[in-house]
Amino acid sequence: MYKQKIGVIVTVFNVEEYLRECIESIINQTYWNLDIILVDDGSSDNSGAICDEYKIRDARVQVVHQKNSGPLAARYAGLKKTKSEYITFVDGDDFLDLNAYKIVAEALNTELDIVSFGIIRYYNSKNQRKTVDSISKGMYLKNEIEEIVIPNMIWNINEKKYGLDPSLCTKVIKRELWESILDETRQLRIYYGQDIAVIYPLIRNANTLLILKEHLYYHRQRNAGILPSYIKDHEFLNKLYTLYSFLMMKFSDQKECIKQIEYFYSYAVNLRKQAYSDYSDNDRYLFPFWEIKKQSRVVLYGAGSVGQTYYYQLTRSSQYEIVAWIDKNYKDYHNAGVKKIESIDVLDFIEYDYIIIAVLSFQLAENVRRNLIDKGISENKIIWVEHR
């Protein structure tokens, strides 16, 4: 087992509601030899004070307070604070499996450049989704990284997703690989795609990569379904082009990577249209037309990415009537300016033929279905289909 300290850099910005759970998941790791750097990136809430509290409680914790400069600058500041040979990152509203760094330490040796593990999209304790990468688990040496990983890691064109999840928080990497690329990318001043700009060029510089089978990092999905602020940013397309140009420069000699970057760029450009409530290019989630009789009155249950796609597809069809669009978090959507989302209570006052559960998770769909049945709604009226 690796015996030396692993540097854990936590970026913190206005996450007081979740920060204690995050820090507790780190200080209570079964691998104890950690150098923990909490970087308060100019928080205006109580986050900075919480960081200082843990500095007093645990001698392994150091705190950096800085004016708000963004996640990459915060990570770079934390990197300068630790001298650990291996470095990893954590976002202040996320948390880890308590055995995460023990599992990593058991795999680490001085010849390994990168250890990568799986990520779990955490909506709540009953709704969690593991991300499945296109690249198989296992050890990759330099020639295998070049022949197998790099040609497939940026963008899975068929599935419209990353080949290897780019999250920096699921990677434990030798310090010298982090340092130069973080310094370079923080100067790009981008938000969307920050991790992409770091991790893919970094992997290209690695001699060894180990992809573990375990899913150890919980990425909290806050305000799921609400349009992210970076998409509403009027500079989104300019910043996206900066990212595109940077990646093209880094992979100019990789024909397959260039193709993936161009497909990713085309996909990302269409995200901007969501700022205008236009989901016309998001047909990955096909509404179950084959399950629904024409001229039916339909209720959509769920206002996340699936629900939004269903809504757009239905508005293009004259064969169905949307009588309601409901979500238990309807108040969040109202606060975000989406007033058409209603409370589930509206079901007591309208007539409908079907309720379409518009979520990805089977577990969440089952919970919704049971709740609807408990309300006295016929199971024959409830429809959910799986999307992969």
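Only the coordinates and a few stated rules stand behind these numbers; no lab work does. Please read all numbers here as calculations on a predicted model, not as lab measurements. Counting neighbours? That spans all protein chains shown, and the Cβs are built from the backbone with ideal geometry, glycine included.
General remarks:
- In order along the range 188-199, phi translates into HN-Hα couplings of 6, 6, 10, 10, 5, x, 4, 5, 4, 5, 8, 6 Hz, rounded to whole numbers, per the Karplus curve 6.51 cos²θ - 1.76 cosθ + 1.60 with θ = phi - 60° and x for Gly and Pro.
- Amide H contacts under 5 Å for residue 156, placed H, 5+ residues apart: 161, 162, 163
- Here residue 239 is the anchor, and the lysines within straight C-alpha reach of less than 18 Å, apart from those fewer than 8 places off in the same chain, are 250, 273.
- Karplus-derived 3J(HN,Hα) values for the range 306-320, using 6.51 cos²θ - 1.76 cosθ + 1.60 with θ = phi - 60°, are 5, x, 5, 5, 4, 4, 5, 4, 5, 5, 7, 10, 9, 8, 9 Hz; glycine and proline are entered as x.
- Residue pairs exceeding 31 angstrom between C-alpha atoms, taken from 5/137; 137/232; 130/293; 81/161; 55/171; 5/160: 137/232; 130/293; 81/161; 5/160.
- Take the convex hull of the alpha carbons in the chain; its mean projected area over all directions comes to 19.9 nm².
- Cα gyration tensor shape for the range 291-388, rounded if a/c is under 1.5, else prolate or oblate: rounded
- For the chain, the dipole from Cβ point charges (+1 on Lys and Arg, -1 on Asp and Glu) about the Cα centre works out to 220 debye, to the nearest 20.
- 5 angstrom amide H check on residue 46, placed H, neighbours 5+ away: 16
- Ordering of 314-320, 176-182, 31-37 by burial proxy (mean other Cβ atoms within 10 Å per residue, highest first): 31-37, 176-182, 314-320
- Listed residue (341, 305, 376) projecting farthest to the positive dipole end of the range 270-388, Cβ model: 305
- What the phi angles of the range 9-23 give under the Karplus curve with 6.51, -1.76 and 1.60, with θ = phi - 60°, is a coupling list of 9, 10, 8, 10, 8, 6, 10, 4, 5, 10, 5, 4, 4, 4, 5 Hz, glycine and proline written as x.
- Gaussian network model of the chain, springs between alpha carbon atoms under 10 Å - residue of 166, 71, 228 with greatest fluctuation: 228
- Dipole of the chain computed with +1 at Lys/Arg Cβ and -1 at Asp/Glu Cβ about the Cα centre; of 169, 212, 258, farthest Cα towards the positive end is 258.
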